Amino acid sequence: MPQIIPIRDLKNTSAISQMCNESNEPIYVTKNGYGDMVIMSMKMYEENLFMQSVYSRLAESELDVAAGRKSNAKESLKKLREKYNV
């Protein structure tokens, strides 16, 4: 369940920081009853950035496969071993 707080509660920074660090979800901040901003812990933000990067790379890979740009893993490893004398 998302946490929703009014903007006036941001005055209590230590409590907000604790809420962010204890929650695995962003905290939604409202102003005059409407959504205004979202806050989250640094750890959660970095995890979200990492997952966005993973999803982006997966989407690129799926496009490559659909376009026929793929190779056999065994053959690729063999070429790399030959190239680097491993």
Which residues, counting only those in the range 23-36, are open to solvent by 40 Å² or more (accessible area, probe 1.4 Å) and farther than 9 Å from Ile7 by Cα?
Asn24, Glu25, Tyr28, Gly33, Tyr34, Gly35
Quick check on my filter: what residues within the range 38-86 are surrounded by 10 or more Cβ atoms within 10 Å (Cβ to Cβ) and in contact with a helix residue (DSSP H, G or I) (Cβ under 8 Å, 6 or more places away or on another chain)?
Ile39, Met40, Ser41, Lys43, Met44, Lys70
Specify which of the listed residues (Ile4, Ile27, Ile39) is touching a Phe, Trp or Tyr at 6+ places or on another chain (Cβ under 6 Å), modelled with pLDDT of 95 or more and among the hydrophobic types (A, V, I, L, M, F, W, C).
Ile4
Name the residues in the range 1-20 that are open to solvent by 80 Å² or more (accessible area, probe 1.4 Å) and among the aliphatic types (A, V, I, L, M), would you?
Met1, Ile4
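The values are calculated or read from the model by the stated rules, or taken from the named source; none is laboratory data. Everything numeric in this text was worked out from a predicted model, so none of it was measured. Using ideal geometry, Cβ is built from the backbone for each residue, glycine included, and neighbour counts are taken over all protein chains shown. Side chains included, ligands, DNA and RNA excluded: accessible areas come from the protein's heavy atoms. Shrake-Rupley method; radii C 1.70, N 1.55, O 1.52, S 1.80 Å.
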